[in-house]
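Below is one structure, written out as structure tokens; comments come after it.
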Amino acid sequence: MKPKVLVTRQIFPEALALVSKHCEVDSNQRDVPFSPPQLLKKLQRKDGLICLLTDTIDDKVLAKSPQLKIVSNVAVGYNNIDVNAATKRGVMVTNTPGVLDDTTADFTWCLILATARGLVEADKYFRSGKWKYWGVMQFLGHDVHHKTLGICGLGRIGKGVAKRARGFDMRILYTDAQRANPIIEQELRATFVDKKTLLQESDIVTLHVPLFPETTHYISASELKLMKKTAILINAARGPVVDEKALVKALKEGWIAGAGLDVYEKEPKPAPGLTKLKNVLLAPHAASASVDTRLKMSRMAAENCVAGLTGNRPPNLLNPEVLRAM
Ligand code: GLV
């Protein structure tokens, strides 16, 4: 008998076909997330799960799905899954690292440039028919070239952002729990500093830390107060890394000049007041959304799931302890 797999949301047909070759697939191609009770019901007697970051897979869900052997997330971030609980219950967990780094770094640069130059507001103005003539004082933004870029988290995506910054002749600062090796620092022309220095000296602060308890509200009121009044904050990492309420206050009261966000504390809901502000650019968690990358992510999740259910080691296993305990 083929193993049974639940796919909670729409993924590329190529990836579904790959899973269907080896497994019996129950897939929600309507692309509307399941409610928690619907998810529990659907998970009954399923051996594998391909899910998105909109699905919360906590110990309660795992406890009620005793047949489950693998949870395959179609995302590099996996804060929606309780990996420790899965490990205790002998359930493998996988993600999709690597394939979205460049696409996310590209998008971070979209946010940086569009926020610094007020591109979305300018577009809205043009479409409204209000623009009558060219003017020296119109649409004044902030330069990016030759400014200081502060990267929080020099992982794969942070490095991609730094690499692209060289073309803008920027001074690049970074901070991280661990200092990069000197060859990488030299290649990227990036200088290691502490968080406080980075916040005080950067014109653009961009966040690339993963979401852990210790990075929750990594940027809150006290950090925003350290930043320059002319600085912009970019977040394409995870929403809870920024205290969104504090950010709304900072943007309203001019502690910083602007922000470009792709992620939110309580997606899809913005903090009260956020959407009323003109000095913030808001994208709907779309940094990895290119055709090529989302196809790769879908395929990778499918391959991880099939490997786990056919007696092979999933290529992107996050908790190998589960295999050792078998
Ligand atoms: C997207 O946010 C991801 O983690 O892949």
Added length on full extension, which subtracts the Cα-Cα distance from 0.36 nm per residue, residue 106 to residue 59:
13.4 nm
Compactness ratio of the stretch 101-282: Cα Rg over 2.2 N^0.38 Å, N = residue count?
1.02
Which length gain, in nm to one decimal place, applies between residue 24 and residue 117 when the Cα-Cα distance is subtracted from 0.36 nm times their residue separation?
28.5 nm
With each pseudo-label sitting 7 Å past Cα toward Cβ, what's the residue 196-residue 156 distance in nm, one decimal?
3.4 nm
Take each of the peptides 121-127, 301-307, average the number of other beta-carbon atoms within 10 Å over its residues, and list them starting from the highest.
301-307, 121-127
Neighbours of residue 279 by Cβ distance under 13 Å: Lys/Arg at +1, Asp/Glu at -1, summed charge +4
Give the angle, between 0 and 90 degrees and rounded to the nearest 10, that separates the Cα long axis of helix 156-165 from the longest principal axis of the Cα atoms of the chain.
30 degrees
Which value in nm describes the separation of the simple spin-label points at residue 89 and residue 67, placed 7 Å from the Cα toward the beta carbon?
1.5 nm
Mind ordering 279-289, 59-69 by average Cβ neighbours within 10 Å, highest first?
279-289, 59-69
Quick one: ranking 321, 187 by accessible area, 1.4 Å probe, largest first, what do you get?
187, 321
What do you get for the angle between helix 244-253 and the principal long axis of the chain? Use alpha-carbon atoms, 0 to 90 degrees, nearest ten.
10 degrees
Other residues with Cβ under 12 Å from the Cβ of residue 224 give, with Lys and Arg +1 and Asp and Glu -1, a net charge of +2
Multiplying the sequence separation of residue 1 and residue 17 by 0.36 nm and subtracting their Cα-Cα distance, what value in nm do you get?
4.0 nm
Based on alpha-carbon centroids, what's the gap between the stretch 247-326 and the stretch 95-169 in Å, whole number please?
19 Å
Compute the long axis of helix 13-22 from its Cα atoms, compare it with the longest principal axis of the Cα atoms of the chain, and write down the angle in degrees, 0 to 90, nearest 10.
20 degrees
Per the 1/(1 + (r/R0)^6) rule, R0 = 22 Å and r from the Cβ atoms of residue 178 and residue 221, FRET efficiency to 0.05 is 0.25
Placing each pseudo-label 7 Å from Cα in the direction of the beta carbon, residue 279 and residue 127 end up separated by a distance in nanometres of 2.4 nm
How long are the three semi-axes of the equivalent ellipsoid of the stretch 182-280, in whole Å, if each is the root of 5 times an eigenvalue of the C-alpha gyration tensor, listed from largest down?
24, 16, 12
The chain accessible area per residue, 1.4 Å probe, protein heavy atoms, integer Å², reads 51 Å²
Expressed as a percent, the accessible surface of the stretch 101-282 that is carbon or sulfur, using a 1.4 Å probe and the full set of protein chains, is 57 percent
Quick shape summary for the chain, equivalent ellipsoid via Cα gyration tensor, semi-axes whole Å in descending order, reads 39, 22, 18
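The values are calculated or read from the model by the stated rules, or taken from the named source; none is laboratory data. Given the structure is predicted, the values throughout are model-derived calculations rather than measurements. Neighbour counts are summed over all protein chains in view; Cβ atoms, including those assigned to glycine, are modelled from backbone coordinates with ideal geometry. Heads up: the accessible areas ignore ligands, DNA and RNA and are worked out on the full protein's heavy atoms, side chains in. Shrake-Rupley method; radii C 1.70, N 1.55, O 1.52, S 1.80 Å.
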